[in-house]
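Accompanying notes for the structure given below.
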Amino acid sequence: AIGLGGLLKVFNDAVLHSVDPVLRVKAVEKTQALLDEILARKFSENTPTGGYPPCTSCTAITTDSGYDDVGDYNGYSDSSDTGLTTSVVVLNAGTEIGVTNTNARRITITTTMSDGSKVVLSAYRLNY
């Protein structure tokens, strides 16, 4: 009986101090949805619609309110959902995958939950 009481105390503390599973699922879904949205955008301001041919005079990663290319999301932040804060970083990262550095951009989205735990998703968008 004493052992069971101790075990239940540990379990109770673990449950009370963990993130709500519903919040964790919401964080994953929100992060994935934003990543999908960004990946659907053009590589650069100068990329033609459809992405082909690849742009030869791609603009640097700059943000503007149009959200029509990947770079526009760099520095994006959203805390509209209670308990979740989402931020986006976009970097030139071609050398990480064996192409010219400016021909690939790594998109990293981090959603931080109220207890400090994080969901982090990354993907590359290539100039093709």
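A search for C-beta distances below 7 Å between a residue of the range 23-46 that is closer than 21 Å to LEU126 by Cβ and any residue that is among the polar types (S, T, N, Q) and open to solvent by 60 Å² or more (accessible area, probe 1.4 Å), counting only pairs 6+ apart in sequence or on different chains, returns ASN46/SER57. The sole residue among THR31, THR56, THR47, THR86 that is open to solvent by 60 Å² or more (accessible area, probe 1.4 Å) and polar (S, T, N, Q) is THR56.
The values are calculated or read from the model by the stated rules, or taken from the named source; none is laboratory data. Not measured: the values here are computed from a predicted model. Glycine gets a Cβ as well: all are built from the backbone with ideal geometry, and neighbour counts include every protein chain shown. Calculation scope for accessible area: heavy atoms of the full protein, side chains included, ligands and nucleic acids excluded. Shrake-Rupley method; radii C 1.70, N 1.55, O 1.52, S 1.80 Å.
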